[in-house]
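Below is one structure, written out as structure tokens; comments come after it.
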């Protein structure tokens, strides 16, 4: 019996004698809580995306990290250390994004001539599925235009505009353009960013000025997206999920889940009305968020690791009906690329199986000669705090990357140090400052090699991270 089933059983047996849960639907307490928990996990990406969307678009005019719906977000530098919108940001690329509502009309996304600059422009639906990925390694570097169409849209597109079909009204273009972080390179990327555009299809080829944006002054623009979502009680969560499914409906493959959700009154296209449930029903369902978050966390801990690193070479970005892995991925941070575009090894524990703690230990990871991460474009190693955000530090360094001038040992190997204090001037170039507390590590391998050595076929593996004291 799984930890989720044991928790559900213990809870429901305590209240089962009080009243039949959801009797009107013919389900008992254990089944109802199980269905609600699975529905919570199923809807987690959609609710997370919507919260991220609100936090990034709840402004009147674009700024360095926000833009109204239907306008480009052009981040002019790596994400700020205090930017807690989306977990696990990178310090390798300049994010170039847009949030769209294509439920009423398609939007046309235009990409300029990118020359020899690496970029990847994944287009994600509301369920966190990558529905298309333009990029230097996929569609090339010449100018391109894509009409992103919503559910059921049928018409003729202008010549030269390719269709990208979205099954949901909510769409996130989560683009990344490589930059080495120098002022001159930032300037070059900015010039490219300024040439990206997004307009409604009705304005394609015409002068267009975005309408005035509505701003909700009551919306929380400070608290991290994950914390906001996880803090929702079950009524608020299901109410929002039901509202979102009106324009971002489940797909045909979700039919079994849709049938089960209907048993607890959660029906796509209709409002969620908890008053249809009895008093005992609502009391029991209050525990569902904790159960669902626990189940996603347990699923993460159960994943197979290699030398202490967890990574996926299939499935992510296109999760299908693996709702638990999809929920877990969005719990870590929304906006995953497909594995063929980028692999993200994650390390929560060192080689001895202990959680990282900069208040107690110093750590090192050694890459033997010729065995740095095998990326066709670039690799990096980023250190985050336990909530997957950058760690403030005196040297403003958040990752070590292919662009850095790393110190090489006499035998050709490279050591990287993760610790709170400097390892010494002679080693500081290879130092990732750690907090005096818990932290995690994320490696990025953009456009991983397909031939050996490759992380995709297992002929290359991330090395273990060891304590040095």
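The values are calculated or read from the model by the stated rules, or taken from the named source; none is laboratory data. Model, not experiment: these values are computed from the prediction. As a convention, Cβ positions derive from the backbone with ideal geometry for all residues, glycine included, and neighbour counts pool all protein chains shown.
Go through the stretch 428-457 residue by residue and tally those that are under 22 Å from residue 352 (Cα atoms) and part of a loop (DSSP other than H, G, I, E, B). Before the answer, list the steps.
Taking the stretch 428-457 first, the residues under 22 Å from residue 352 (Cα atoms) are 431-443.
Right, trim to part of a loop (DSSP other than H, G, I, E, B) and you get 434-437.
The total comes to 4.
To keep it simple, each residue is scored yes or no on (1) within 26 Å of residue 83 (Cα to Cα); (2) assigned to a helix (DSSP H, G or I).
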site	(1), (2)
295	no, yes
316	yes, no
330	yes, yes
334	yes, no
337	yes, no
372	no, no
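Return the total of residues in the stretch 291-306 being over 17 Å from residue 387 (Cα atoms) and surrounded by 14 or more Cβ atoms within 10 Å (Cβ to Cβ). Break it down into steps so the answer makes sense when it comes.
The first filter runs over the stretch 291-306 and keeps only residues over 17 Å from residue 387 (Cα atoms), leaving 291-292, 295, 299, 302-306.
From the residues that got through so far, the ones that are surrounded by 14 or more Cβ atoms within 10 Å (Cβ to Cβ) too are 291-292, 295, 299, 305-306.
Residues in the stretch 291-306 being over 17 Å from residue 387 (Cα atoms) and surrounded by 14 or more Cβ atoms within 10 Å (Cβ to Cβ): 6 in total.
For the stretch 119-136, check the following and say yes or no: at least one residue is over 23 Å from residue 44 (Cα atoms) and surrounded by fewer than 20 Cβ atoms within 10 Å (Cβ to Cβ).
yes
Could you list, in sequence order, the residues of the stretch 383-428 that are out of contact with any strand residue (DSSP E or B) (no Cβ under 8 Å at 6 or more places or on another chain), free of Cβ contacts under 8 Å to residues at least 60 places away in the same chain and surrounded by 14 or more Cβ atoms within 10 Å (Cβ to Cβ)?
Correct list: 404, 428.
Out of the strands (runs of 3 or more DSSP E) lying entirely within the stretch 110-212, which hold 1 or more residues that are under 19 Å from the mean Cα position of the chain (by Cα) and not assigned by TED's automatic domain parsing to the domain that holds residue 396?
119-125, 130-135, 170-178
How many residues does the stretch 67-90 hold that are surrounded by fewer than 17 Cβ atoms within 10 Å (Cβ to Cβ) and under 21 Å from residue 220 (Cα atoms)?
Here is the first cut: in the stretch 67-90, the ones surrounded by fewer than 17 Cβ atoms within 10 Å (Cβ to Cβ) are 76-77, 80-83.
This time we only want the ones that are under 21 Å from residue 220 (Cα atoms), so: 80-83.
Qualifying residue count, the stretch 67-90: 4.
Identify, by number, the condition in (1) surrounded by 23 or more Cβ atoms within 10 Å (Cβ to Cβ); (2) under 19 Å from residue 138 (Cβ atoms) that residue 329 doesn't meet.
Among (1) surrounded by 23 or more Cβ atoms within 10 Å (Cβ to Cβ); (2) under 19 Å from residue 138 (Cβ atoms), the lone unmet condition for residue 329 is (2).
Return yes when residue 317 is closer than 26 Å to residue 454 by Cα, touching a strand residue (DSSP E or B) at 6+ places or on another chain (Cβ under 7 Å), in contact (Cβ under 8 Å) with a residue 60 or more places away in the chain and buried (at least 20 other Cβ atoms within 10 Å of the Cβ) and no when it is not. Spell out the reasoning first.
Working: closer than 26 Å to residue 454 by Cα: yes; touching a strand residue (DSSP E or B) at 6+ places or on another chain (Cβ under 7 Å): yes; in contact (Cβ under 8 Å) with a residue 60 or more places away in the chain: yes; buried (at least 20 other Cβ atoms within 10 Å of the Cβ): yes.
It is true that residue 317 is closer than 26 Å to residue 454 by Cα, touching a strand residue (DSSP E or B) at 6+ places or on another chain (Cβ under 7 Å), in contact (Cβ under 8 Å) with a residue 60 or more places away in the chain and buried (at least 20 other Cβ atoms within 10 Å of the Cβ).
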